[in-house]
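The values are calculated or read from the model by the stated rules, or taken from the named source; none is laboratory data. Only a predicted model underlies this, so the values are computations on that prediction, with no experimental measurement involved. Cβ placement follows ideal geometry from the backbone for every residue including glycine, while neighbour counts extend to all protein chains displayed.
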Amino acid sequence: MNRKLFSLVAALMFILALAACAQPTKSPPSPPTATPVPVEDTDHDVDGDDQQDADTDDAGGDDSETMVTPIDAQGVYDASGCADCHGENREGSFAPALQPDKLTNNAQFYIDTITNGRRQMPSWADKLTAAEIEALVNWLMTTAE
């Protein structure tokens, strides 16, 4: 009887350990969005009518402002809950370390892993954009904590 009880407890502990490594039960918060940075107005539009003024020496061209939206990869890492499994400083915890010297595959491998999932790693394609995933991988592969 003790042997059956021991086997049952061991099997239950194994199942619980597997469940702890599986996808988190809480959904991670949305990643932060960077504030767009307007490019300096170079057409010297003094009256604010978005028309080229007669006193400018522009030869026409594009008068629209270009917005640059950089992706805060560390913000994506923090907000998406990556630290829950990979560690706050990417040193590894339940999942592998994500320090540049530990990442031995090419960038596309890690992009595919985050996008589609692999083993216990869930897919993040429905939570992160392709640009966020690419920025995150580039940051992971080049920035040491």
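Taking the stretch 91-122, which residues are under 16 Å from ILE133 (Cβ atoms) and among the charged types (D, E, K, R)? Break it down stepwise before answering.
The first filter runs over the stretch 91-122 and keeps only residues under 16 Å from ILE133 (Cβ atoms), leaving 98, 103, 105-118, 121-122.
Across the stretch 91-122, the qualifying residues are ASP112, ARG118.
Mind listing whichever residues of the stretch 60-82 are assigned to a loop (DSSP other than H, G, I, E, B), at pLDDT 80 or above and among the hydroxyl-bearing types (Ser, Thr, Tyr)?
Within the stretch 60-82, SER80 is the sole residue that qualifies.
So how many residues does the stretch 96-108 have that are touching a residue at least 40 places away in the same chain (Cβ under 8 Å) and surrounded by 11 or more Cβ atoms within 10 Å (Cβ to Cβ)? Write out each step before concluding.
Pass one, the stretch 96-108, residues touching a residue at least 40 places away in the same chain (Cβ under 8 Å): 98-101.
Okay, now just the ones that are also surrounded by 11 or more Cβ atoms within 10 Å (Cβ to Cβ), so 98-100.
Residues that pass the stated criteria total 3.
I need the full set of residues from the stretch 112-141 which are over 21 Å from GLN99 (Cβ atoms), without any contact (Cβ under 8 Å) to a residue 12 or more places away in the chain and surrounded by 14 or more Cβ atoms within 10 Å (Cβ to Cβ), in order please.
Across the stretch 112-141, the qualifying residues are GLY117, SER123.
Go through the stretch 91-138 and give me each residue that's outside any loop (DSSP other than H, G, I, E, B) and of a type in the set (S, T, N, Q). So that I can check it myself, show each step before the final result.
Keep residues of the stretch 91-138 that are outside any loop (DSSP other than H, G, I, E, B), which gives 100-102, 107-116, 118, 121, 130-138.
Within the stretch 91-138, GLN108, THR113, THR115, ASN116, ASN138 qualify.
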